[in-house]
Amino acid sequence: MMFPCVIETDKLSKSYGSFEAVRELSLLVEKGSITGFLGQNGAGKSTTIKMLLGMMRPSHGGGRVLGHDIADPKASLAMRQRIAYVAEDKRLYDYMTVGQLIAFTKAFYPTWREDVEKELLEEFRLPVDRVTKKLSKGMRTQTALLLAFSKGAELLVLDEPSEGLDPVIAERVLQLTVRAAADGASVFFSSHQIAEVEQIADRVLMIDRGRLVLDTSLDAVREKFRRIRAVYEHPESVDLRSLAGARRVHIDGRVLSVIASENVDAIAARLHETQGTAIEVLPVTLKEVLLDSIGTGK
Amino acid sequence: MTGSQPSPAFSVNRHSRRGPWHALFYKAWFETRSRFLTGLIVVIAICAFMTLLHPYKIAMWKRDLIQHPEWKDPIWSFAVHTNYATYLWHYLYQDMLQKVFLILAVLLGIGGLGREASHGTAGLTLALPVSRKTLLASRAAVGAIEVGLLGFVAFLTIVVCSRAIRIDYSLTHGLLHAGLIVAGGLVGFAAGLLISATVEGEHAPTLVALSIVGMLFYVMAPYSDGVPTSLLVGALNLVGVMSGGSGSGLADVPWTGLAVSLTIASLSVYYAFYRSTSRDY
């Protein structure tokens, strides 16, 4: 069944001179989903998000967010009315107090949730009279999240939302994210915390060097992805390139290991045919899949 | 104070529900208020100082005439010391107030999205559902009002201090020259907007702006005295536009220079808008 998409890009690219920060990125984010957007530092996550929000112009390609063309400033305006964004660095206007910043932000959103604002102010124990420049990093993050969750947005775009938070508050932020999704919002968030992504995401997108290297659901990782291991006298001679689903092959001494995204039985059979012994089919964690994907975006 | 306890800051919450423009003006005021209030103090201090100093300066001049008849006064000295309006024009509108005003106006123009990008808050601002043009327009409007207010306060200070020393001062003269100072200030403010939109970095725009103003007043101006100028160069002379003539008639308004300066200011604002709306943050 196809769900409508809140984010769709088509060969979205951004170059700075000869450096390609994002390369022909084509992705879909389904409505109502929680999608984790992963990648190493400098992989192009923030650049992608900035292009989606109209802060940067794509060099090539394009995209639509909530049905609005990201390259059209007027459409981008209508789109931002329906989006809540938390930037990676969580910098706030340091000349405003927390209360003034809330007041300022709510003026732009008719859908502002007073109940959520009140609840989070109480829960995060934010000092409303303190200027934001005197807040700790954790409090700045909490303030940024309060602003995002209170907007009543249809799409939450969160860049490293739990960074700088203590584990208790980080867990609460994850709960709030799930609750927002349960209330009908779609969530697109980047994170370095793989455990967080595993905990709440439905889908995972991963970019490496600006290129999409993984686009899968967490259920698929759990149900379909497997590590298949076999022992060989000369594992270098085994060729699995023609087999569908064999994502990457590692050789460690006499042990050949394959991460497979599908076609597990056929791959195991090929290992058996090529004189592999002690063949094992093991479940894989998201972390293994992600680490396996790094470097494939060359 | 934490959580949802009532606080003075939350009285602001209720007001800001008035709408996005109100919120944007509020933000622009927050960004510039320390510069504006500093400027207010400086303008009041300079205008009050030079106005209240008048009786003392005149007494000094008269004493020097008697005690040192051999001293040769500059050609402007007699008019400056015998006509109060000319005195104010010479020391304030043509000199101290003009220089300080232009510096303040340029500094009021510095800021905006470029500086926010350096501070790391551009993402917060650009995620708001308002266009970049609206963001810049709110800043430009608040800045222009502040420049106008600084000029009005300068005028008011001179009038009040003139009353204090019991000298009649022509309101027409005051309004005309405050108007020219404000017009020049708006050109400086537009230059500040332009520099902010084109020069990247947190402090670089301020340094560039101050260098340009410094060059105008302290490098070029001293050497331009007596140099014959063509109509075009004269029209581009912002210092001359802000000074005008020493009187209070229409002939004292440098119309061509004023028109050219304001046109350049308009073009600067236009380019600042174009640049701000087309660049990546």
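The values are calculated or read from the model by the stated rules, or taken from the named source; none is laboratory data. From a predicted model like this one, the values you see are computed outputs, not experimental measurements. All Cβ positions, even for glycine, are placed from backbone atoms using ideal geometry, and neighbour counts span all protein chains on display. Heads up: the accessible areas ignore ligands, DNA and RNA and are worked out on the full protein's heavy atoms, side chains in. Shrake-Rupley method; radii C 1.70, N 1.55, O 1.52, S 1.80 Å.
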(Q) Looking at (1) without any contact (Cβ under 8 Å) to a residue 60 or more places away in the chain; (2) within 11 Å of chain B (Cβ to nearest Cβ); (3) closer than 28 Å to A:VAL29 by Cα; (4) not in a helix (DSSP H, G or I), which one does A:ALA153 not meet, given that it meets all the others? (A) (1)
Q: Determine the pairs where a residue that is closer than 14 Å to A:GLY210 by Cα, located within segment A:42-62, has a partner that is polar (S, T, N, Q) with Cβ atoms under 6 Å apart, the partner being 6 or more residues away or on another chain.
A: A:LYS45/A:SER190; A:SER59/A:SER13; A:SER59/A:SER15; A:HIS60/A:SER13; A:GLY61/A:SER13
Q) Is it the case that some residue within segment A:30-37 is farther than 20 Å from A:ALA201 by Cα, away from chain B (no Cβ under 14 Å) and not hydrophobic (A, V, I, L, M, F, W, C)? A) no
**Q.** When residues of segment A:116-150 are limited to those that are in a helix (DSSP H, G or I) and β-branched (Val, Ile, Thr), the one nearest to the chain's Cα centre (by Cα)
**A.** A:THR141
Q.
Of all residues being within 7 Å of chain B (Cβ to nearest Cβ) and among the hydroxyl-bearing types (Ser, Thr, Tyr) in segment A:75-97, which is farthest from A:THR143 (Cα to Cα)? Just the residue, please.
A. A:TYR95
Q: Using the structure shown, decide if A:GLY54 is facing another protein chain (nearest Cβ under 8 Å) and part of a loop (DSSP other than H, G, I, E, B).
A: yes
Q.
Quick check on B:ALA183: is it of a type outside the set (Phe, Trp, Tyr), touching a helix residue (DSSP H, G or I) at 6+ places or on another chain (Cβ under 8 Å), farther than 21 Å from B:TRP255 by Cβ and open to solvent by 10 Å² or more (accessible area, probe 1.4 Å)?
A. no
(Q) It is to be established whether one or more residues within segment A:42-50 are at pLDDT 95 or above, farther than 25 Å from B:LYS133 by Cβ and open to solvent by 20 Å² or more (accessible area, probe 1.4 Å). (A) no
Q. B:HIS173 passes all but one of (1) in a loop (DSSP other than H, G, I, E, B); (2) open to solvent by less than 30 Å² (accessible area, probe 1.4 Å); (3) not aromatic (Phe, Trp, Tyr); which number fails?
A. (1)
Q: Could you tell me which residue of segment B:249-278 is farthest from A:MET51 (Cα to Cα), considering only residues that are free of Cβ contacts under 8 Å to residues at least 40 places away in the same chain and within 14 Å of another protein chain (Cβ to nearest Cβ)?
A: B:TYR274
Q. Taking only pairs six or more apart or across chains, which ones have beta-carbon atoms under 8 Å, a first residue in segment B:56-82 that is in contact (Cβ under 8 Å) with a residue 60 or more places away in the chain, and a second residue that is in a helix (DSSP H, G or I)?
A. B:ALA79/B:THR86
Q | Among (1) in contact (Cβ under 8 Å) with a residue 24 or more places away in the chain; (2) open to solvent by less than 20 Å² (accessible area, probe 1.4 Å); (3) among the small types (Gly, Ala, Ser) - the single one A:GLY245 does not satisfy | A | (1)
**Q.** Of all residues in segment B:93-115 being in a helix (DSSP H, G or I) and surrounded by fewer than 21 Cβ atoms within 10 Å (Cβ to Cβ), the one that is farthest from the other protein chains (Cβ to nearest Cβ)
**A.** B:MET96
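Taking the stated definitions as given, is A:GLU163 outside any helix (DSSP H, G or I), in contact with a strand residue (DSSP E or B) (Cβ under 8 Å, 6 or more places away or on another chain), open to solvent by 10 Å² or more (accessible area, probe 1.4 Å) and modelled with pLDDT under 95?
Values: outside any helix (DSSP H, G or I): yes; in contact with a strand residue (DSSP E or B) (Cβ under 8 Å, 6 or more places away or on another chain): no; open to solvent by 10 Å² or more (accessible area, probe 1.4 Å): yes; modelled with pLDDT under 95: yes.
Taking the combined requirement at face value, the residue does not satisfy it.
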(Q) Let me spell it out: the conditions are (1) out of contact with any helix residue (DSSP H, G or I) (no Cβ under 8 Å at 6 or more places or on another chain); (2) more than 14 Å from chain A (Cβ to nearest Cβ), and B:ALA140 meets all of them except one. Which number is the exception? (A) (1)
Q. Which numbered condition trips up A:GLU88, out of (1) open to solvent by 60 Å² or more (accessible area, probe 1.4 Å); (2) under 19 Å from the mean Cα position of the chain (by Cα); (3) over 30 Å from B:SER34 (Cβ atoms)?
A. (3)
Q: Residue by residue through segment B:93-141, note down the ones that are under 18 Å from the mean Cα position of the chain (by Cα) and basic (Lys, Arg).
A: B:LYS99, B:ARG139
Q) Out of the residues in segment A:183-216 that are hydroxyl-bearing (Ser, Thr, Tyr) and within 21 Å of A:LEU53 (Cα to Cα), which is nearest to the chain's Cα centre (by Cα)? A) A:SER190
Q: Would you mind finding the one in A:GLN100, A:GLN142 that is more than 8 Å from every other protein chain (Cβ to nearest Cβ), of a type in the set (S, T, N, Q) and surrounded by 20 or more Cβ atoms within 10 Å (Cβ to Cβ)?
A: A:GLN142
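How about segment A:196-298: which helices (runs of 4 or more DSSP H) wholly inside it have at least 1 residues that are farther than 26 Å from A:LYS31 by Cα? Show your work before the answer.
On the way: elements: A:218-223, A:264-273, A:286-293.
So the answer is A:264-273, A:286-293.
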